[in-house]
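The structure appears below as structure tokens.
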Amino acid sequence: MKINPLHILYVGLKNDYGKPALGNSFEYVNFHETLVRSGNYRVDLFPYDEVLRDAGRDEMNKKLLSTVKDTKPDLCFFVLFTDEIKKETIREITEKSGSITFNWFGDDHWRFSNYSKYWAPLFHWVSTTDSASVDKYLKIGYQNIIKTQWGYNHHQYRSHNIVKDHQVTFIGQVHSHRRRTVHQLEESGIVIDCWGKGWEAGRLSQYEMIRMYSRSKINLNFTESSVALRWKPIVKVFLNRRADDSLHINSALQMVQNIHVLTNERRPQIKGRNFEIPGSGGFLLTQNADNLGEYFIPGSEIAVFSDLNDLKDKIKYYLSNDKEREDIRLAGYQRAIRDHTYEKRFLEIFQTMRLLPKL
């Protein structure tokens with residue numbers, strides 16, 4: 001007897017921040033592609049940013065409802081951005097469609113109090129990557145919370161057998177203390193190459209970024225979030241920008257909550273880079289973060305630094321100890337393949353939701 005595969009309607013941004021000029025979004029590249037390429041699911045796509053731009057918010061919400069009604073998915077897998085999808089739309093799908101609804105919340109370290117706690121009750125299930133937010137969901141009376149974590153798309157991120165022609169590299173935006181840290185490393189005699197928004201060298205393509213993880217003896221990762229009071233975060237206190245670039249005034253309550261989020265210090269958090277670098281065969285030297293030791297063994301599968309002096313010492317140590325660095329790199333790569341692909345993350349989530357049997 002043939003069993004039909006789990007039918008998933010993926011509802012997410014296709015373009016980064018909803019802007020076609022920026023290319024495909026992180027979630028589309030990692031989540032949607034993993035679901036499709038796993039071969040284990042039947043996946044339909046509802047790219048709400050593209051529909052929003054073409055048809056407007058009201059019509060996009062109507063089209064989402066009709067898509068769910070016509071296709072009858074087992075699971076509607078949402079990745080929300082702001083309020084493009086109306087609460088009443090999600091509530092109707094959850095209560096009347098017969099489909100299970102799920103949303104991936106990825107920024108609960110700083111976004112729970114002014115966003116997630118208001119949207120989570122609309123779904124049958126939600127997930128969080130923040131261990132401290134599990135109790136927060138329970139305190140608001142929401143029970144179907146799944147603790148998961150970022151991972152990596154092993155269909156794209158892979159090891160390259162190429163010459164390691166870079167000593168130390170960092171790929172990511174310039175913000176917070178990063179430029180100052182890099183300058184202090186250079187002053188101590190460490191050669192470091194940086195790419196990303198705000199750096200003089202600019203951005204690398206996805207392909208070159210993945211190759212750079214293999215070309216680098218040491219790949220740095222910073223886990224702090226920006227807390228600087230720049231004009232963009234201040235504007236976001238008062239205005240909400242949707243994925244079609246339209247701006248909308250926040251309510252008074254939202255403004256108060258946004259000010260609270262902006263002025264509170266953000267905890268270091270695990271990010272996709274923590275898995276993408278080892279999964280691409282790179283040696284990872286990362287700042288510590290919430291529960292990082294649950295996913296990799298520091299000193300055996302990755303290297304972790306605590307402050308600037310520790311960072312300087314560990315860079316110099318691992319550049320001088322090729323065999324130990326290589327042993328850690330290989331162990332991290334094997335751990336990432338075994339435990340930290342998005343394919344495995346989603347399987348565990350669907351099993352927890354009882355959409356798939358546990359093997």
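What follows is calculated from the coordinates using simple rules that are stated; it is not laboratory data. Everything quoted here is computed from the prediction, not taken from an experiment. All Cβ positions, even for glycine, are placed from backbone atoms using ideal geometry, and neighbour counts span all protein chains on display.
Modelled this way, with points 7 Å down the Cα-to-C-beta line, the labels at Leu330 and Val163 are 2.3 nm from one another. Between Ser131 and Ala21, full extension at 0.36 nm per residue minus the direct alpha carbon distance yields a gain of 36.2 nm.
Only lysines eight or more places from Lys217 in sequence, or on another chain, were considered; those with a Cα closer than 17 Å are Lys164, Lys312, Lys314, Lys316, Lys323. Cα centroid separation, region 25-57 to region 271-350: 29 Å. Over the chain, with a Gaussian network built from C-alpha contacts below 10 Å, which listed residue (Asn240, Asn321, Asn144) shows the highest mean-square fluctuation? Residue with maximal mean-square fluctuation among Asn240, Asn321, Asn144: Asn321.
Per DSSP H run of n ≥ 4, the term is -39500 (n - 2.57); total these for the chain, divide by its residue number, and report the mean residue ellipticity at 222 nm rounded to 500 deg cm²/dmol.
Details: 14 runs with 138 residues, N = 359.
Taking each H run of at least 4 residues, the total per residue is -11000 deg cm²/dmol.
Gly12 sits among other residues whose Cβ lies under 10 Å from its own Cβ, and their net charge, with Lys and Arg +1 and Asp and Glu -1, is -1.
Rounded to the nearest 20, the size of the Cβ-charge dipole of the chain about its Cα centre is 300 debye, with Lys and Arg at +1 and Asp and Glu at -1. Annotation: for a label point projected 7 angstrom from Cα along Cα→Cβ of Tyr118, residues of region 82-104 with backbone N closer than 14 Å are 82-88.
Taking region 207-222 and a reference point 7 angstrom along Cα→Cβ of Leu308, the backbone N atoms nearer than 19 Å belong to 220-222.
Counting charges near Val168 (Lys, Arg +1; Asp, Glu -1) among other residues having Cβ under 13 Å from its Cβ returns a value of +4.
Work through the residues other than Leu75 whose Cβ is under 13 Å from its Cβ and net out their charges, Lys, Arg +1 and Asp, Glu -1. Each step should come with its number before you reach the end.
Values: positive: Arg42, Lys72, Arg354; negative: Asp44, Asp74.
Charge balance near Leu75 sits at +1.
To the nearest 0.05, what FRET efficiency results for Lys96 and Ile140 with a Förster distance of 22 Å applied to their C-beta separation? Spell out each step's value before the answer.
Values: r = 24 Å, r/R0 = 1.08.
Rounded to the nearest 0.05, the efficiency is 0.40.
Kirkwood radius for the chain, taken over all pairs of different Cα atoms as the inverse mean of 1/r, rounds to 21.8 Å.
Extension gain, Lys86 to Val36, is 15.4 nm, computed as 0.36 nm per intervening residue step minus the present C-alpha separation.
Of all the options Ser246, Ser113, Ser214, the one that moves most in a Gaussian network model of the chain with Cα springs shorter than 10 angstrom is Ser246. DSSP assigns beta bridges within the chain; of those with both partners inside it, close to 10 percent run antiparallel.
Within straight-line reach of Lys63, meaning a Cα separation under 28 Å, sit the following lysines at least 8 residues removed in sequence or on another chain: Lys14, Lys19, Lys72, Lys86, Lys87, Lys96, Lys117.
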